[in-house]
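Q: Following this message is one structure expressed as structure tokens.
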Amino acid sequence: MKAGPKKIEMKTKKLGNSDLSITPVGFGAWAIGGSGWEFGWGEQDDKQSVDAIHRALELGVNWIDTAAVYGMGHSEEVVAKALRTWPGPRPYVFTKCGLCWDEQGYVHRDLSAKSLRRECEDSLRRLDVDVIDLYQVHWPTDKLEEGWNTIAQLQEEGKVRWIGVSNFSVEELRRAQKIAPVTSLQPPYSLVRREVEEEILPYCRSNGIGVIVYSPMASGLLTGAMTRERAGNLPVSDWRSRDVEFKEPRLSRNLALVERLREVGGHVQRPPGQVAIAWTLRNPVVTGAIVGARNAKQVEGNVEAATLRLTKKEIAKIEGKNIYEPELVTAA
């Protein structure tokens, strides 16, 4: 094993109604899909990707989250490559379906039974597994019922072990639950995106649905490595170059948030990204956080978030509740 942090003792949590006990942090494989498609992160070296996955597993992470659409199948192939050369126990492999692509790399949603069955077979082949541990609908469409029925059938047929959804509203979760139990929801959740706190997380809690959150560091915004200059120079092949959070007026607010994360991180001797991940894990409804990485060094900087417990005072500081903001004086 290379020098660096040793294996981290992480308490696992059961994911929803499943028999999967997952570590608080999972390896996110979106960015390792590489470029050449609508939501790529720019050029990526496959060897670095494999090293990143191996490092995460060495440190004790026990699940990988990918999707068919990441790099138009490439991410799943890289995950398979990493697992073929991994000598330790096999991690859980989660993937997603329902997003298809054309030859130009543009993405569209499709939850038709025919498409999902083909997608499942393709993912099993690319991942080089006999069964997918958690199969998730990537985005809802008006064919939600047809799609969820098909996913439930794939579970009955033994092609997938557990079934979940991503980016669903409470109403969409209810519709799916009428057909077959939803094991987990994968929503975006970070200090930048907190909308799920109001209705979605309480619904999951009261219905025993596991929650694995994505983009806890807001797609790299909250790592401490993103600067105004870097955000302004993101290549066209990186989808973040088109994201409003990386542009003004939001960029200034987000970078100010990073400074608060940096300050709290200084007290607990952890980098800002770890503090951002730990903030999502502080929520009792959250089973685990998907943490993306493009190389082993990034993995080492993030995984220890699983052991960080923030105090109420630290949380208030991060959220800016203790920052005095004068009321705006407006004309009556």
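The values are calculated or read from the model by the stated rules, or taken from the named source; none is laboratory data. As the structure is a computational prediction, the values presented were derived from the model and not from experiment. Every residue, glycine as well, gets a Cβ built from its backbone with ideal geometry; the counts of neighbours run over all protein chains shown. For accessibility, only protein heavy atoms count, side chains too; no ligands or nucleic acids. Shrake-Rupley method; radii C 1.70, N 1.55, O 1.52, S 1.80 Å.
Q: Using only Cα atoms, find the angle between the long axis of helix 272-281 and the longest principal axis of the chain, and express it within 0 to 90 degrees, rounded to the nearest 10.
A: 60
Q: On to the next question. Rounding to the nearest 20 debye, state how big the charge dipole of the chain is about its Cα centre with +1 on each Lys and Arg Cβ and -1 on each Asp and Glu Cβ.
A: In debye, rounded to 20, the chain gives about 1060.
Q: OK, next. Using +1 at the Cβ of each Lys and Arg and -1 at the Cβ of each Asp and Glu in the chain, identify which of Q104, A276, A316 lies farthest towards the dipole's positive end.
A: A316
Q: Measuring from label point to label point, each 7 Å out along Cα→Cβ, what is the D243 to K297 span in nm?
A: 2.1
Q: Calculate what fraction, in whole %, of the accessible area of segment 26-137 sits on carbon and sulfur atoms when a 1.4 Å probe is rolled over the protein chains.
A: 49
Q: Here is a follow-up. May I ask which of K7/K297; K247/K321; K47/K247; K13/K81; K96/K159 have a Cα-Cα span longer than 21 Å here?
A: Pairs exceeding the cut-off: K247/K321; K47/K247; K13/K81.
Q: Treating cross-link reach as a plain straight distance, find the aspartates and glutamates whose alpha-carbon is under 14 Å from the alpha-carbon of K114, omitting any fewer than eight places away in the same chain.
A: K114 reaches D122, E145, E146.
Q: Measuring with a 1.4 Å probe in the full set of protein chains, what accessible area per residue, in whole Å², belongs to the chain?
A: Each residue of the chain exposes 47 Å² on average to a 1.4 Å probe.
Q: Hey, another quick one. If I take every Cα pair under 8 Å that is 6 or more residues apart in the chain, average their sequence separation and divide by the length, what percent do I get for the relative contact order? Could you put the intermediate results ahead of the total?
A: Numbers: 641 pairs, mean separation 67.6, N = 332.
Result for the chain is 20 percent.
Q: Over segment 254-310, with every protein chain in place, what whole percent of the accessible area is carbon and sulfur at 1.4 Å, could you tell me? All intermediate terms of the calculation are to be shown ahead of the outcome.
A: Numbers: 1000 of 2110 Å².
In segment 254-310, the share of accessible area belonging to carbon and sulfur is 47 percent.
Q: Turning to a different aspect of this structure: Where the centre of each part is set by its Cα atoms, how far does segment 64-124 sit from segment 272-304, in angstrom?
A: If we compute the Cα centre of each part, the gap is 22 Å.
Q: Also, I was wondering about something else. Only Cα pairs under 8 Å and at least 6 apart count here; give the relative contact order of segment 71-162 as a rounded whole percent.
A: Contact order relative to length: 32 percent.
Q: Let me ask you something else. Relative contact order of segment 149-240: what whole-number percent is it, with Cα pairs under 8 angstrom and at least 6 residues apart?
A: The value is 22 percent.
Q: I would also like to ask the following. Find the centroid of the Cα atoms in segment 180-238 and in segment 130-171, then give the distance between the two in whole Å.
A: 20
Q: Quick one: which residues, 5+ away or cross-chain, put their amide H under 5 Å from the amide H of A68? H built at 1.01 Å from N.
A: K96
Q: Measure nothing fancy, just the Cα-based angle from helix 250-268's long axis to the longest principal axis of the chain, in degrees from 0 to 90, nearest 10.
A: Helix 250-268 sits roughly 80 degrees off the main axis of the chain.
Q: What angle, in degrees between 0 and 90 and rounded to the nearest 10, separates the Cα long axis of helix 46-58 from the longest principal axis of the Cα atoms of the chain?
A: Relative to the chain, helix 46-58 is tipped by roughly 80 degrees.
Q: Please give me the summed charge of the neighbours of A113: other residues whose Cβ is under 12 Å from its Cβ, Lys and Arg +1, Asp and Glu -1.
A: Working: positive: K114, R117, R118, K143; negative: D110, E119, E145, E146.
Once positives and negatives cancel, what remains is 0.
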